[in-house]
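Chemist: The structure under discussion is supplied below as structure tokens; questions concerning it will follow.
The values are calculated or read from the model by the stated rules, or taken from the named source; none is laboratory data. Because the structure is predicted, anything quoted here is derived from the model rather than measured. Cβ atoms come from the backbone with ideal geometry, glycine included; neighbour counts cover every protein chain shown. We work out accessible area using only protein heavy atoms, side chains counted, and drop any ligands, DNA or RNA first. Shrake-Rupley method; radii C 1.70, N 1.55, O 1.52, S 1.80 Å.
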Amino acid sequence: MTKKMKTAKRVHQYNTAFQCPICQSAMEVIDPKSFVCSKNHTFDFAKQGYINMLTHQVTSPYGKELFEARQRIITNSSLYTMLHDTIAHVINQQPCTSAASLMVADLGCGEGSHLQAILDKCMQPKVTGVGIDISKEGIIMAAKKHDTPTWLVADLAKSPLADKACSFILNILSPANYREFKRILSPGGLVIKVVPGPNYLRELREMLSQKTKHHNTETVDLFKRHFDLLEVIRVQDTRELHQTAIVDLVRMTPLTWTSNQAQIKQFYRQDAAAITIDLEILIGTNASTRNYIGGKA
Ligand SMILES: [Zn+2]
């Protein structure tokens, strides 16, 4: 079976989780080639196994090189292992109350490595993953590497997910659209948003002499205006990266793009460097339900 057919078959099983991004009506898989709404808006399954559900052309600032670097760092280094373990633990702790599948949607998934790594650690039965990003480059890379989550190119402001379709919304180091997150979150579902902590990639910032630290007060306040904040989990870890990984890390980090290239070259010359991960995981729900079991391991 081709990748395209596998995706069409899987999407057919969960087609009620989707809606047309143009007219919001229900979607159906027609002969395993197209995903079509009741008003005939048609989106084709690509041969790499993803669906492009964008309704307009978008130019993303993130190119192939950035996504390749990001994929190698997330998959091959252990830099984000604690983050993946912690989020998977939060998902695994939740009582599975419904007979239906639990949809884990990563919104702003880039090249998909965070979502795949988290799903690999999920022990919940009936978990199904969906990764959405506005960048076609990112989604093609995700679909080429990972078969099972459903990969969609789409705009988070007009998400192709149906009302209340998601048990878990992941939003990792990526902009949010809370109005849409609220619409697609199931009653009692969790929004899991990851933001940088004060020491995130501290060594890179020090190299670039950036004194400003991340402060998340505004981000947390905004989150609280939309969701019931249940818990904030801080993940801190320091790992040693060897030279090729250091180069990848610099490539995937936007703060280096406009920086002093001489400083960056010097950073590249290190055989190895300790790199600090400091992330805050905000866990929220729609105010109606409170059967949350804490996520701290
Ligand atoms: Zn439509």
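Chemist: Can you compute 3J(HN,Hα) from phi for each residue in the stretch 103-120, using the Karplus curve 6.51 cos²θ - 1.76 cosθ + 1.60 with θ = phi - 60°, rounded to whole Hz and x for Gly and Pro?
Modeler: Calculated HN-Hα couplings, in order: 8, 9, 10, 9, 9, x, 7, x, 8, x, 5, 5, 4, 4, 4, 5, 4, 4 Hz.
Chemist: Using only Cα atoms, find the angle between the long axis of helix 243-252 and the longest principal axis of the chain, and express it within 0 to 90 degrees, rounded to the nearest 10.
Modeler: 60 degrees
Chemist: Looking at the chain as a GNM with Cα springs under 10 Å, which of ALA273, ALA88, ALA105 has the largest mean-square fluctuation?
Modeler: Result: ALA273 has the largest fluctuation of those listed.
Chemist: Using a Gaussian network model of the chain with C-alpha springs under 10 Å, which one of SER259, SER38, SER159 is most mobile by mean-square fluctuation?
Modeler: SER259
Chemist: Which percent of the accessible area of the chain is formed by carbon and sulfur heavy atoms (probe 1.4 angstrom)?
Modeler: 51 percent
Chemist: Given the Cα-Cα distance of LYS144 and GLU206 and 0.36 nm per residue of separation, how much length would full extension add, in nm?
Modeler: 18.7 nm
Chemist: Turning to a different aspect of this structure: Using 0.36 nm per residue, how much length does the chain from TYR268 to HIS12 gain when fully extended, once their Cα-Cα distance is taken away?
Modeler: 87.4 nm
Chemist: Would you please classify the overall shape of the stretch 3-285 from the alpha carbon gyration tensor, given that a ≥ b ≥ c denote the square roots of the eigenvalues, rounded means a/c under 1.5, and beyond that prolate means a/b larger than b/c while oblate covers the rest?
Modeler: prolate
Chemist: To the nearest 500 deg cm²/dmol, what mean residue ellipticity at 222 nm is calculated for the chain from DSSP H runs of n ≥ 4 alone, each contributing -39,500 (n - 2.57), summed and divided by the residues?
Modeler: So the calculated ellipticity at 222 nm is -9500 deg cm²/dmol.
Chemist: Okay, next question. Taking θ = phi - 60°, what integer Hz values does the Karplus form 6.51 cos²θ - 1.76 cosθ + 1.60 yield along the stretch 28-45, in sequence order, with x for Gly and Pro?
Modeler: 9, 7, 10, 4, x, 10, 10, 10, 10, 8, 5, 9, 6, 6, 10, 10, 8, 6
Chemist: Order the peptides 22-34, 190-202 from the highest to the lowest mean number of other Cβ atoms within 10 Å of their residues.
Modeler: 190-202, 22-34
Chemist: Here's something else I'd like to know. Using modelled amide H (1.01 Å from N, peptide plane; none on Pro or chain starts), what sits under 5 Å from the amide H of LEU170, excluding residues fewer than 5 places away?
Modeler: Hits under the 5 Å cutoff: ALA105, ASP106, LEU107, ILE192.
Chemist: Shifting gears a bit: Does the stretch 64-161 come out rounded, prolate or oblate, given a ≥ b ≥ c as the square roots of the eigenvalues of its C-alpha gyration tensor, rounded meaning a/c under 1.5 and, failing that, prolate meaning a/b above b/c?
Modeler: Oblate is the answer for the stretch 64-161, as a/c is 1.5 or above yet b/c matches or exceeds a/b.
Chemist: Please list the non-local residues whose amide H lies under 5 Å from the amide H of THR128, H modeled 1.01 Å from N, same-chain partners needing a gap of 5 or more.
Modeler: LEU102, MET103, VAL104
Chemist: Additional query: Calculate, for HIS242 and HIS215, the FRET efficiency according to 1/(1 + (r/R0)^6) with r their C-beta to C-beta distance and R0 41 Å; round to the nearest 0.05.
Modeler: Approximately 0.85, to the nearest 0.05.
Chemist: 7 Å from Cα along Cα→Cβ at both ASN76 and ILE22: what's the point-to-point distance in nm?
Modeler: My value for the distance between the label points is 4.2 nm.
Chemist: Working from Cα positions, state the angle (0 to 90°, nearest 10) between the long axis of helix 136-145 and the longest principal axis of the chain.
Modeler: Long axis of 136-145 versus the principal axis of the chain: about 80 degrees.
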